[in-house]
Amino acid sequence: MVKPAKGTTTLAFIFKEGVMVAADSRASMGGYISSQSVKKIIEINPYMLGTMAGGAADCQFWHRNLGTKCRLHELANKRRISVTGASKLLANILYSYRGMGLSVGTMIAGWDETGPGLYYVDNEGGRLKGMRFSVGSGSPYAYGVLDNGYAFFFFYRYDMSVEEAAELARRAIYHATFRDGASGGVASVYYVGPNGWKKLSGDDVGELHYRYYPVMPSTVEQEMVEVTGA
Amino acid sequence: MVGKNCFAIASDRRLGVQLQTIATDFQRIYKVHDRLFLGLSGLATDAQTLYQRLVFRHKLYQLREERDMKPETFANLVSAILYEKRFGPYFCQPVIAGLGDEDKPFICTMDSIGAKELAKDFVVAGTASESLYGACESMFKEGMEPEELFETVSQALLSSVDRDCLSGWGGHVYVV
């Protein structure tokens, strides 16, 4: 039996200036849209973010739990926990619950002493270090844009500026929400830099559609016209 | 949806394969004749084939009877054609809307094996049908004029498809 993909699109990538994290905001139960305004980027602490894919309750609870453990580490060791350490804590917890039906597909993104860090952690106990990840049912479409770019200017290069990286992340989420029915709502983009994370934008993907592909007025776009044929 | 001596029929424009969107301008509502429209939700290939078969039958009817089919008759025809495939059905739910004698509006819907459901106010079909029932029930008023009917139908359609992953990308609305 094919495991149903987690209905969402989240992505994160490392570039010269830090880590860019972006996600949609749609929650779906089968075909029904239960919410268009879910916060899928969870603030673990002021310099680390986690993304939510899979079960909302699972992700929210375990990210908050991770935040608690990170704070305890800070108090016990008098220094901040690294992204490596935080992701390992979460991965070990999820591994111990393996087979019990938790559904978590998360990326831990942060900035520590060694610079920007990005890890993918999931409910099967997998933990991967990497430069670019996208998680969720819309991830193939987001990878298409992220890996190759939608135009010559914004393809993925390590030395992008923050604005260029934000635009690439936003575009990737937009294209994923276009094709994937389980993604939509608002495309949020966060940036994690040496001073912590900062929310850069939260644009409704419907508005993004008309910004990227403006409607040219044509004779079809008229109200209440006699239609000659269907 | 039925109004005062008029009707409106509307559909969304998305064509998808489960979660993936294939097209955002798919036409689901077909004109059978000037006062009879047919909307087909469900499997796109079955909708197209069914439409082609029905148009064929209607054209034959026009040649024999030298007039257009009445909506009630057409509904019977659709029901019979769907039941022919009782044990290997078309995966479509049709919505039929037409103006009968003296401009009396007629609407009905069917399940995929031809069970007719007549209604005096509105009929719905598709993946967001439960949402649509709720929206139409709350927005419907008796005897709406065409402009108000258009607004009502559009708002009901948009608010329902906004709550459905598998529908969306705008709508086509026909008011007759």
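Remarks
- Filter on B:Lys104/B:Lys141; B:Lys4/B:Lys85; A:Lys39/A:Lys78 - keep pairs with C-alpha separation over 25 Å: B:Lys4/B:Lys85; A:Lys39/A:Lys78
- Scattering curve values for the stretch A:7-210, log₁₀ I(q)/I(0), Debye with Cα scatterers, q = 0.18 Å⁻¹: -1.22
- Each label was represented as a point 7 Å from its Cα along the Cα-to-Cβ direction; for A:Arg211 and A:Ser37 these points are 1.9 nm apart.
- Using the Cβ of B:Glu72 as centre and a radius below 11 Å, the other residues enclosed give a net charge of +2, where K and R count +1 and D and E count -1.
- Considering helices alone, the calculated mean residue ellipticity of chain A at 222 nm is -10000 deg cm²/dmol, with DSSP H runs of length four and up weighted by -39500 (n - 2.57) and normalised per residue.
- Available extension along the chain between A:Lys16 and A:Thr84 is 22.6 nm, counting 0.36 nm per residue and deducting the alpha carbon span.
- Approximate spin-label separation A:Leu72-B:Glu102, in nm, with each point projected 7 Å along Cα-to-Cβ: 8.0 nm
- Here the label points at A:Asn65 and B:Gln20, each 7 Å from Cα along the C-beta direction, are separated by 3.6 nm in the simple model.
- 0 to 90° range, to nearest 10: angle between helix A:56-77 axis and chain A longest Cα axis: 40 degrees
- Within the shell of other residues whose beta carbon sits under 10 angstrom from the beta carbon of B:Leu19, the net charge comes to 0, with Lys and Arg scored +1 and Asp and Glu -1.
- Acute angle (nearest 10 degrees) that the helix A:139-148 long axis makes with the longest principal axis of chain A, alpha-carbon atoms: 90 degrees
- Sites B:Lys141 and B:Lys70 - FRET efficiency at Förster radius 35 Å, r taken between beta-carbons, to 0.05: 0.85
- Mean projection area, nm², convex hull over Cα of the protein assembly as shown: 23.5 nm²
- Acute angle (nearest 10 degrees) that the helix A:162-179 long axis makes with the longest principal axis of chain A, alpha-carbon atoms: 60 degrees
- Helical content of chain B, expressed as a calculated mean residue ellipticity at 222 nm, amounts to -12000 deg cm²/dmol (DSSP H runs of 4 or more residues, -39,500 (n - 2.57) each, divided by residue number, nearest 500).
- Counted charge near A:Ser183, where neighbours are those whose Cβ lies closer than 12 Å (Asp, Glu -1; Lys, Arg +1): +2
Values quoted throughout were computed directly from the atomic coordinates according to the rules given, and no laboratory measurement underlies them. Owing to the predicted nature of the structure, the values given are computational and were not obtained by experimental measurement. A quick note on method: Cβ atoms are made from the backbone with ideal geometry, for glycine too, and the neighbour counts reach across all protein chains shown.
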